[in-house]
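To start, the structure itself, in structure tokens.
The values are calculated or read from the model by the stated rules, or taken from the named source; none is laboratory data. Predicted model only: the values in this text are computed from it and were never measured. Here Cβ is always computed from backbone atoms with ideal geometry, including for glycine, and neighbour counts include all displayed protein chains.
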Amino acid sequence: MPAYLMLLAALAADCPPFSKGSTGGDYYNGEDAKGLAVVEAFHFGPQVEALLRGMSGTLGGDIAYTLEHFPNHPRALAAMARLGLRAKKVQVPGAHHTVECYFTRAIAFVPSDGAARALFGAYLLSLKRDADAIGQLRAALDIQPGDAAAWYNLGLAHVRRKDWPAALDAAHKAYGLGFPLPGLRQQLKAAREWREPDSLDAVVAH
């Protein structure tokens, strides 16, 4: 078997695709979501989402159970990412797959889900995988251009790469959409790269 096919087979074994069963599926599909309340009641209550304690076992196990039924459950994906970052582990105790695998499965199952891509981008940004984060955030924004948090995170990634025009453009879009955190603006000001949108318009006009 060629080496690249062996690699693909190994990756597939490590992160098998989501297989839809009798309960679960697309979080946003009304028909699929009929079993959502039961899954959340026993495995994804407020204490799990807040990463305080598990409901039926470990925190990782309860979040994983939720994602094994609804792979693009946005709050469960966010919780899995936070737990992985807090534990400093690529695969948290109780979970069958890595954090990255859960995102990969969600995106493969519903490629049009911009929220899953935006959350994945934020997770990759936290790992300082800036190029990968930019790819996911851009893909998310192609689907949902009004996502202020995704624009903000995209700006942060561009700041780290010192791509100032791209960072400034993302910042203007984030703040224009009402994003509240000032950190991106402050980083651009510290680098002397911040410009108010009106100032840019004035420069172009002249």
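Things worth noting here:
- Filtered residues of region 140-186 (kept if under 22 Å from Val110 (Cβ atoms), of a type outside the set (Gly, Ala, Ser) and surrounded by fewer than 19 Cβ atoms within 10 Å (Cβ to Cβ)): Asp142, Ile143, Gln144, Pro145
- In the condition set (1) modelled with pLDDT under 95; (2) in contact with a helix residue (DSSP H, G or I) (Cβ under 6 Å, 6 or more places away or on another chain); (3) among the polar types (S, T, N, Q), Ser199 is compliant with all but (2).
- Of the numbered criteria (1) touching a Phe, Trp or Tyr at 6+ places or on another chain (Cβ under 7 Å); (2) over 20 Å from Pro17 (Cβ atoms), the one Phe120 fails is (2).
- Filter result for Asp198 (loosely packed, with under 12 Cβ neighbours inside 10 Å, among the acidic types (Asp, Glu) and outside any loop (DSSP other than H, G, I, E, B)): yes
- Ala131 surrounded by fewer than 16 Cβ atoms within 10 Å (Cβ to Cβ) and farther than 22 Å from Ala76 by Cα: yes
- Candidate set from region 22-50 (those that are part of a loop (DSSP other than H, G, I, E, B) and surrounded by fewer than 16 Cβ atoms within 10 Å (Cβ to Cβ)); member that is modelled with the lowest pLDDT: Ser22
- In the set Gly178, Gly155, only one residue is in a loop (DSSP other than H, G, I, E, B) and more than 27 Å from Pro17 (Cα to Cα); that residue is Gly178.
- Any chance Leu137 is surrounded by 24 or more Cβ atoms within 10 Å (Cβ to Cβ), over 14 Å from His73 (Cα atoms), of a type in the set (A, V, I, L, M, F, W, C) and touching a helix residue (DSSP H, G or I) at 6+ places or on another chain (Cβ under 6 Å): yes
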